[in-house]
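Trainee: Below is one structure. I have some questions about it.
The values are calculated or read from the model by the stated rules, or taken from the named source; none is laboratory data. Given the structure is predicted, the values throughout are model-derived calculations rather than measurements. Virtual Cβ from ideal backbone geometry, glycine too; neighbours counted across all protein chains shown. When the accessible area is computed, the model is the full protein with side chains, heavy atoms only, and any ligands, DNA or RNA have been set aside. Shrake-Rupley method; radii C 1.70, N 1.55, O 1.52, S 1.80 Å.
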Amino acid sequence: MTDDGRFVYDANRAVDPLGDLDEEAERQAKHNRAKVGSARPSSLLYTYGPGSITDLPQFTIMSTGLDDWERIWRRRDSLPPVIHAPRLKGVVRMALRSNDVELRPHPWQPKKHSRSAEGNDLGVPARVFPQWLRCTGCDLLGKLSQFDYKNTHPFRTDLATFEHTKCTGRSGNRNRRPMRRPAVPARYLLACADGHLDEFPYDLWVHHGQQCANAELPVLKMTDHTVGKGASAVIRCESCGMRRPMNEAQGEAGKKKLPKCRGRHPHLDAFDHRGCRHQTRLMLVGASNLWFPATYSIIVMPESQQEQESDLADRIRTTLGERLVKYRDHLDMIRDLLVDRVDVTGLSDSELAAVVEAACAPQPTEEEHEERFSDWDPVDLLLPEWRYLLLDINGSRVEDPKSGLTLATRQRGPELRPEITRVLAVEKLRKVNALVGFTRIDAMDRAGDLQSRLAPLTRTRRPSWTVATEDRGEGLFLQFDEDSVAAWEERILKSDIWEAHRAAHERNFNRRFSETAEKVKANSRLKPPRYWLIHTFAHTLIRELALSCGYSAASLSERLYAWPAENREPAAGLLICTTASDSDGTLGGLVQLSDPERLQRVVADALRKAQRCSSDPICAMRTPQPPEDFLHGAACHCCVMASETSCERANRFLDRRFLIDLPGSNLGYFSADE
């Protein structure tokens, strides 16, 4: 059991491939410990993070929790690198209820060339999961230990595979010469709403919860003649002759035949000591709802003086730890302890004393973090960005080396739509993204009780760090006229189309939201009309920009600032940007389109093309009617919808009728006479 009693965990089974390699080297033993694959930082954050299943050419693996990553970092004498983003770090600490969380990149180091050894001691540890495999030659269904692992080529990770060494084929002819046949993962799993995941108990399933009558370790086979049609496999016990199809585990009736959840977190190699209150459900290895990341991101903006002082105090507190209180009155000692770790050389003794005093202030308790997070709105992450982008720029260009943000003003072209009042070229930007956990079955924005549904990344209650990525790129910022947006929004709220969208959203919420989100009101998750407007405009603009900027549409992403005047000042604007996590920046093609003549042409062409869709008139007249519950109107993949890498809302809340007037509708924000 862990120190704080959260999980039942066997430390002797820790995933430490490099440590295992060192032990085997001491014993002069050899084992296959070569790396099994690679991935970009963005995919390791949004698609294949801790607790998710990664498809390799021959088998599947699961990235382990951050406790095992810590062993990788400890192999270096130097301190692990950190990503500087105080505003995001504050939100992450609140979400994880820990005052000491730092943001770290993935454990990786670039190589000078393909055969050099730099970075061989860094990497993301993972374990094979699921550990039930099926032989492709004879359909033998067995655990990992029944197969032979082969990974002998250090530069061909795609050749790593598990093999059945004595396969005699499906005919089972024992006189036939055994052959080595590759084994593939058995594709069924058990999952629950609280993020637990477990192997499917094939041996108990085929025997209806009992042990095999003829063998202590029965021989199982999995046959499947209709691949791709759901749970179509059949499990057969060769020892006693019993057989059972997997489709019995599907649907509501199938849930009753599955075992209760054991509370297992395979990425932590641990079980929840409290067990689990949920019933399991059948899940496929490649299911899209097997892992949903819970992430937060910011565009890093220049810090105010108060933010800089607060961040300095926090870095001093986390660097010195318990020694801070001991030496708080000895400034010379504190300066010596901070050498090469935190730069305080520019502070006078009185300034340093004030910062040390702030660092010694009591930190929020876990309960206070939870209370703050329950009242926190993700819009609070966007508000500082919006405020800074509205500030007047001295001259035509401003550059902040610390944040990495460079803005340049652009004149409005004479033919640019009057509804667009401000244009900025974001020549350089830095975007930081952090992972705080993940959910299964239901996405983060569809779970009303997110804190109880969020699966942890570590076995410790208060983690000291979490993984983050740092992207650099460029962008284009457009601001809409607030008065015209507010007047238009008031008109939309009274329209029949908006009432149809509101009713469809309520039906969608009641049918498709998490079964644990009963206390959440549907209307609290419905985006306001201005969000639909700016979201639709962003998609049409991305399509048009991709034709001229040199980047594909999937490489462009949106960041929307769209909320009415309620508890904060209103916002109506958008940032279209392109970023890369494994390079120093981008090529400037998007910024070039902020030129007044080019931009007014791009906007005009985007709005003109939005008037027509190859699916019209069906698309133009699409309005959800009972019992329909889709969350878009006049929008489809032919005209507005974008790839999932571009859209922050999975192509929800889109309607061309809010953007321009379509036949039978006069709700367009952009006036027709323009």
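Trainee: Any residue in region 528-553 that's open to solvent by less than 10 Å² (accessible area, probe 1.4 Å): show its pairings with residues that are among the polar types (S, T, N, Q) and assigned to a loop (DSSP other than H, G, I, E, B) at Cβ separation under 7 Å, as long as the two are six or more apart or on different chains.
Mentor: ILE542/SER646
Trainee: Look through HIS106, HIS164 and report the one residue that is buried (at least 21 other Cβ atoms within 10 Å of the Cβ) and farther than 30 Å from GLN306 by Cβ.
Mentor: After ruling out the rest, the residue left standing is HIS164.
Trainee: Under 30 Å from VAL520 (Cα atoms) and either within 21 Å of the chain's Cα centre (by Cα) or surrounded by 15 or more Cβ atoms within 10 Å (Cβ to Cβ) (or both) - does that describe any residue in region 393-401?
Mentor: no
Trainee: Restricting to region 648-666, name every residue that is open to solvent by less than 40 Å² (accessible area, probe 1.4 Å) and in contact with a Leu (Cβ under 9 Å, 6 or more places away or on another chain).
Mentor: If the condition is that a residue be open to solvent by less than 40 Å² (accessible area, probe 1.4 Å) and in contact with a Leu (Cβ under 9 Å, 6 or more places away or on another chain), then ASN651, PHE653, LEU654, ASP655, ARG656, ARG657, PHE658, LEU659, ILE660 are the ones that fit.
Trainee: Right, next: With (1) out of contact with any Pro (no Cβ under 6 Å at 6 or more places or on another chain); (2) open to solvent by 20 Å² or more (accessible area, probe 1.4 Å) as the list, and VAL234 as the residue in question, which single condition is left unmet?
Mentor: With respect to (1) out of contact with any Pro (no Cβ under 6 Å at 6 or more places or on another chain); (2) open to solvent by 20 Å² or more (accessible area, probe 1.4 Å), VAL234 is out only on (1).
Trainee: Let me ask something else about it. For residues that are surrounded by fewer than 18 Cβ atoms within 10 Å (Cβ to Cβ) and under 22 Å from TRP291 (Cβ atoms), tally how many sit in region 178-211.
Mentor: Qualifying residue count, region 178-211: 3.
Trainee: Go through the residues of region 167-177 one by one and say whether even a single one is crowded, with 20+ Cβ neighbours inside 10 Å and either touching a His at 6+ places or on another chain (Cβ under 7 Å) or at pLDDT below 95 (or both). I'd like the intermediate steps shown before the answer.
Mentor: So in region 167-177, the residues crowded, with 20+ Cβ neighbours inside 10 Å come out as 167.
Filter once more, keeping what is either touching a His at 6+ places or on another chain (Cβ under 7 Å) or at pLDDT below 95 (or both): 167.
Yes.
Trainee: Go through region 193-221 and give me each residue that's out of contact with any strand residue (DSSP E or B) (no Cβ under 9 Å at 6 or more places or on another chain) and in a loop (DSSP other than H, G, I, E, B).
Mentor: Taking region 193-221 first, the residues out of contact with any strand residue (DSSP E or B) (no Cβ under 9 Å at 6 or more places or on another chain) are 204, 209-211, 213, 216-217.
Of everything in region 193-221, those that are out of contact with any strand residue (DSSP E or B) (no Cβ under 9 Å at 6 or more places or on another chain) and in a loop (DSSP other than H, G, I, E, B) turn out to be GLY209, GLN210, GLN211, ALA213, GLU216, LEU217.
Trainee: Can GLU371 be described as open to solvent by 90 Å² or more (accessible area, probe 1.4 Å) and either under 34 Å from the mean Cα position of the chain (by Cα) or over 30 Å from CYS577 (Cβ atoms) (or both)?
Mentor: yes
Trainee: Under 8 Å between Cβ atoms, at least 6 apart or on separate chains: pull out the pairs that start in region 252-268 with a residue that is under 18 Å from LEU66 (Cβ atoms) and end on any residue that is of a type in the set (Lys, Arg).
Mentor: PRO266/ARG127; LEU268/ARG459
Trainee: Scanning region 331-368 for residues that are assigned to a helix (DSSP H, G or I) and of a type in the set (Asp, Glu), which turns out most open to solvent (accessible area, probe 1.4 Å)?
Mentor: To start, the set of residues in region 331-368 that are assigned to a helix (DSSP H, G or I) comprises 331-337, 349-359, 366-368.
Checking which are of a type in the set (Asp, Glu) leaves us with 332, 336, 349, 351, 357, 366-368.
Numbers: ASP332: 110, ASP336: 107, ASP349: 86, GLU351: 91, GLU357: 107, GLU366: 39, GLU367: 127, GLU368: 81 Å².
This residue is GLU367.
Trainee: Could you look through region 640-674, keep only residues that are not hydrophobic (A, V, I, L, M, F, W, C) and not in a loop (DSSP other than H, G, I, E, B), and pick out the one that is nearest to the chain's Cα centre (by Cα)?
Mentor: ARG656
Trainee: Scanning for something over 23 Å from SER557 (Cβ atoms), open to solvent by 50 Å² or more (accessible area, probe 1.4 Å) and part of a loop (DSSP other than H, G, I, E, B), does region 376-389 turn up at least one residue? Talk me through it step by step, then tell me what you get.
Mentor: Taking region 376-389 first, the residues over 23 Å from SER557 (Cβ atoms) are 376.
Right, trim to open to solvent by 50 Å² or more (accessible area, probe 1.4 Å) and you get none.
Scanning region 376-389 turns up no residue that is over 23 Å from SER557 (Cβ atoms), open to solvent by 50 Å² or more (accessible area, probe 1.4 Å) and part of a loop (DSSP other than H, G, I, E, B).
Trainee: Could you please find all residues in region 413-431 being touching an Asp or Glu at 6+ places or on another chain (Cβ under 7 Å), open to solvent by less than 50 Å² (accessible area, probe 1.4 Å) and within 12 Å of CYS577 (Cα to Cα)?
Mentor: Selection gives VAL426, LEU429, ARG430, LYS431.
Trainee: Within region 558-565, is even one residue open to solvent by 50 Å² or more (accessible area, probe 1.4 Å), out of contact with any His (no Cβ under 7 Å at 6 or more places or on another chain), touching a residue at least 24 places away in the same chain (Cβ under 8 Å) and more than 18 Å from VAL423 (Cα to Cα)?
Mentor: Looking through region 558-565, at least one residue is open to solvent by 50 Å² or more (accessible area, probe 1.4 Å), out of contact with any His (no Cβ under 7 Å at 6 or more places or on another chain), touching a residue at least 24 places away in the same chain (Cβ under 8 Å) and more than 18 Å from VAL423 (Cα to Cα).
Trainee: In region 284-291, is there at least one residue being surrounded by fewer than 16 Cβ atoms within 10 Å (Cβ to Cβ) and hydroxyl-bearing (Ser, Thr, Tyr)?
Mentor: Among the residues of region 284-291, at least one is surrounded by fewer than 16 Cβ atoms within 10 Å (Cβ to Cβ) and hydroxyl-bearing (Ser, Thr, Tyr), which makes the answer yes.
Trainee: Looking at ARG657, ARG612, can you tell me which residue is among the basic types (Lys, Arg) and either modelled with pLDDT of 95 or more or under 30 Å from PRO105 (Cα atoms) (or both)?
Mentor: So the residue among ARG657, ARG612 that is among the basic types (Lys, Arg) and either modelled with pLDDT of 95 or more or under 30 Å from PRO105 (Cα atoms) (or both) is ARG657.
Trainee: Turning to a different aspect of this structure: For region 70-95, what are the residues that are open to solvent by less than 30 Å² (accessible area, probe 1.4 Å) and closer than 25 Å to ILE298 by Cα?
Mentor: Across region 70-95, the qualifying residues are ILE83, ALA85, LEU88, LYS89, VAL91, VAL92, ARG93, MET94, ALA95.
Trainee: What is the number of the single condition among (1) more than 22 Å from HIS84 (Cα to Cα); (2) outside any loop (DSSP other than H, G, I, E, B) that ARG328 does not meet?
Mentor: The number of the failed condition is (2).
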